[in-house]
Amino acid sequence: MAELNVITSMLDDLFKEQPIQTALCIGQNLEQYVHHHSIQWQYFSVSELLNLPFTRRYDLAIVLLDVDTIENIEESEKTQFLVKLRDLFAKRIIVVSRLEDEKLLRSLGFTQLIDKTTHEQNFALWQFNILTYKHIPDWFNSKFWANPENWDKFRW
């Protein structure tokens with residue numbers, strides 16, 4: 001599976017940015033394939049994740065949407081478990097998907113890491129990182145909102 005090489009090299013890059021201690025995988029148990037920097041892996045199926053109560057937040061989640069077990073679930077279930085992962089369980093999410101899932105992943109705020117036109121296989125790599133999700137514009141600060149120099153001059 002070519003995706004495993006991509007995931008392994010991505011883990012190297014992510015580990016350089018910030019240490020990863022806990023990770024979970026959905027779709028296929030990657031613990032046996034990816035031995036990396038003493039990461040504590042946990043595997044969940046889609047139904048287990050949807051029924052899992054929130055008890056902890058993981059450093060990383062890897063979702064393999066292109067495997068047979070997830071490929072056949074409904075679009076609403078895919079959306080539901082990706083949103084639950086994004087909002088509750090993981091600080092960063094890496095998704096390996098088929099090219100057909102592009103619209104869904106873009107709508108949920110994921111950014112594409114591997115351009116689908118650069119390889120001949122039917123998979124794309126996506127990520128969600130809450131720290132880089134949205135750029136904060138310059139005008140969004142108190143300097144442009146409060147105007148303390150006008151407090152005694154004008155009545156609003």
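One residue stands out in the stretch 108-132 among those that are of a type outside the set (S, T, N, Q) and modelled with pLDDT of 85 or more: the one that is farthest from PHE81 (Cα to Cα), namely LEU125. Considered as a group, the residues in the stretch 80-112 that are in a helix (DSSP H, G or I) and among the aliphatic types (A, V, I, L, M) include one that is nearest to TRP41 (Cα to Cα), and that residue is LEU85.
Per-residue answers, yes or no, for (1) at pLDDT below 85; (2) surrounded by 14 or more Cβ atoms within 10 Å (Cβ to Cβ); (3) farther than 23 Å from TYR133 by Cα:
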residue: ASP13; (1), (2), (3): yes, no, no
residue: GLN21; (1), (2), (3): no, no, no
residue: LEU30; (1), (2), (3): yes, yes, yes
residue: ILE39; (1), (2), (3): yes, yes, yes
residue: PHE44; (1), (2), (3): no, yes, yes
residue: ALA90; (1), (2), (3): no, yes, no
residue: SER97; (1), (2), (3): no, yes, no
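The single condition among (1) surrounded by 11 or more Cβ atoms within 10 Å (Cβ to Cβ); (2) at pLDDT 80 or above; (3) not small (Gly, Ala, Ser) that PRO53 does not meet is (1).
The values are calculated or read from the model by the stated rules, or taken from the named source; none is laboratory data. Predicted, not measured: the structure shown is a model, and the values here were computed from it. Positions of Cβ are generated from backbone atoms using ideal geometry, with glycine treated the same way; all protein chains shown enter the neighbour counts.
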